[in-house]
Each structure stands twice: as structure tokens, then as C-alpha cells.
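Every read-out reported here was derived from the displayed coordinates using simple, explicitly stated rules and does not represent laboratory data. These numbers come from a predicted model, not from an experiment. With ideal geometry, Cβ positions are generated from the backbone for all residues, glycine too; neighbour counts draw on all protein chains shown.
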Amino acid sequence: MIDDHRNAGQRRVGQVKEVTSLSNPIVKDIKALTNKKDREQSGTFMAEGLKLVIDALELGWTIRTLVYAKAAKGKPLVEQVAVKTVAKGGLVLEVSEKVLSSITRRDNPQMVVGIFDQRWTGLDALSPAVGKTYVALDRVRDPGNLGTIIRTADASGASGVILVGECTDPFSLETVRATMGSVFAVPLVRVSAEDFRNWHKKTGVEVVATHLAGAVDYRTVDYSKKPVVVLMGNEQSGLPDILAKYADRLVRIPQQGRADSLNLAVATAVMLFEARRHLLKLDGPE
């Protein structure tokens, strides 16, 4: 996989490898990152777009492989990113638009693609404190929902996203696209339901969960007295009883009209920004 080509990149310091063939082995390895199995084996993932790549660099991430279209050659920002990639021992590929389209599976691809190492944070590395909010997702399935939630967590000032159980991969191409770069800014944690419960007990965080049985309006909860974890259920089945039992508060989001539920990403946004509203009261207006 990509690891095999890192040393090759180090040997070519100061050089750019030009690639025009779809059968190039490095291109094949990069294309394979659209498969979860290959991402897990290599521990890497793909991010599209110059802005996302620059954001990642600014946040301290290192590019393993930089791919850019020939049409982007000579653009100052692209050249700067290429120099930084080579300086860190990465590989830089200049490719045809045909190759880039095959990598991103788009007819009109972004001009720049970056390959990065995945980053996971352990539960013990989180430092819950008053004023901090986290979101925990139970078996989230839709890549678009997860990406949007990561982006929303970033925008609302949340301190991390905790994936409970078998969730969709946050490093899939679809999810990374939906995060709009926030995947580089928000700590990601994956845990079992049991580990989540034990962490809850040990840290004393306040777990506030949305649930059909919730009797409390989500706006009446005080989110400012303890570190808060907003716990959200699966898109289809909602929150299972075993996780609902862990919650300190079961709340509901009042609704009108014929819709019986909200989209998971929308409901999560409602909860996170309500928590933020309470915390802003402590800090005063921005």
C-alpha cells in the first residue's frame, strides 16, 4: 500500500513524479483507499481540495502523498504545499486529469488530493471539564450524516466526536467530503458501548440523550454545570435501551407538522448549539 512508496518519496526529495497511466502502482494504491479494508490496512485516507490540504497542514498534519493535476502546476499555493510535502519526506505526484478523475471517482475532480495518516484519539486522552461538550453517536450509518456532524461539532466548539459501536468510517471519501475539512480539527474516538459506560462513570460527565421516551424539553436542561456528552441514536432504530439507561437525561426536541423525526445531523446540530448557547452565557457575548 501507500507505505511501500513513502521511502520512494524520501529518495526523491526535491523531485516531482509525473504520472499519466491509470495502471501506475502508486495510483492503484491511492485508488484503493476508497475501500475501507485498504484504508484500515494502510492507516491512511484521502482528502480532496487545496483548501482542505492547506487546512490540514495548518493544523499540524503531514501529507504522505500529494497529488495534483497538471493544470495546477505553477500555482503558488500548490507549489508551497508541494515543497512542504517533500520537506516532510512525502511523495508528490503530478498527474493527468484522467488519472485524478479515476482517483476521486469524479468527472470534474478537485485539482489537489492529499493522502494522510488517520488519527484516532483514545477516551483516556479526552479531558472532560466544565465548559466542554462532546457528541457521542450510536452506530451512525450514513457517511453524509457523520461528515456533517463532525463539521457541526467543529462549528459549535465541541471537543470531540465519540463513535459508539459499529459506525461508518469517518475517513471514507464521502465522509471526509462532508466534513469540509473539519475531520482535521475534531478529535475522533471509537469505543464499545461498555467502554463508553465505564468512561461515563469514571469521569462523571453529564450524558444528555435524545430519545422517544424523553419527557424533558432539550431547552430546559442546564448544559453548563458539568462537561456534557450529547448522545444520539442510530438513524433508523434510534437509541437502544441499554444506552438510554446510561444517560443522565433523556430529552426530546419538540416538533410540529407531520414529520415524526428529524434527520440525525439536523437533530445533533440542534442539540450542540443549544449546549453552546448555555456555555456562551457563562463567557458572556462573543
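Extension gain, residue 106 to residue 62, is 13.4 nm, computed as 0.36 nm per intervening residue step minus the present C-alpha separation.
Assuming R0 = 51 Å, what is the FRET efficiency of residue 77 and residue 236, from their Cβ-Cβ distance, to the nearest 0.05? Let's see the in-between values first.
Working: r = 42 Å, r/R0 = 0.83.
After rounding to 0.05, the efficiency reads 0.75.
Annotation for the range 48-108: trypsin sites (Lys or Arg not before Pro) lying in DSSP loop with at most 15 further Cβ atoms inside 10 Å of their Cβ are 73, 88, 105, 106. Using alpha carbons only, how many degrees (0 to 90, rounded to 10) separate the axis of helix 193-203 from the longest principal axis of the chain? The helix 193-203 is inclined about 70 degrees to the chain.
When the trypsin sites (Lys or Arg not before Pro) in the range 118-220 are filtered for DSSP coil states and for at most 15 other beta-carbon atoms within 10 Å of their beta-carbon, the remaining sites are 119, 141.
Under the shape rule built on the C-alpha gyration tensor, where the axes satisfy a ≥ b ≥ c, the range 30-77 is oblate, since a/c reaches at least 1.5 while a/b does not exceed b/c.
Once every DSSP H run of n ≥ 4 in the chain is given -39500 (n - 2.57) and the sum is divided by its residues, what mean residue ellipticity at 222 nm do you get, rounded to the nearest 500 deg cm²/dmol?
So the helix-based figure for the chain works out to -11000 deg cm²/dmol.
Fully extending the segment from residue 217 to residue 174, taken as 0.36 nm per residue of separation minus the present Cα-Cα distance, adds 12.1 nm. Of the Cα atoms belonging to the chain, the radius of gyration and Dmax stand at 21.0, 63 Å.
Provide the percentage of antiparallel DSSP beta bridges, counting only those with both residues in the range 3-117; round to the nearest 5. That works out to approximately 55 percent antiparallel. Using R0 = 51 Å, the C-beta based FRET efficiency linking residue 129 and residue 16 works out to 0.65.
The base-10 log of I(q)/I(0) for the range 3-117, evaluated at q = 0.12, 0.20, 0.21 Å⁻¹, reads -0.35, -1.09, -1.22 [Debye formula, identical scatterers on Cα atoms, solvent excluded]. The DSSP beta bridges internal to the chain are antiparallel in roughly 25% of cases.
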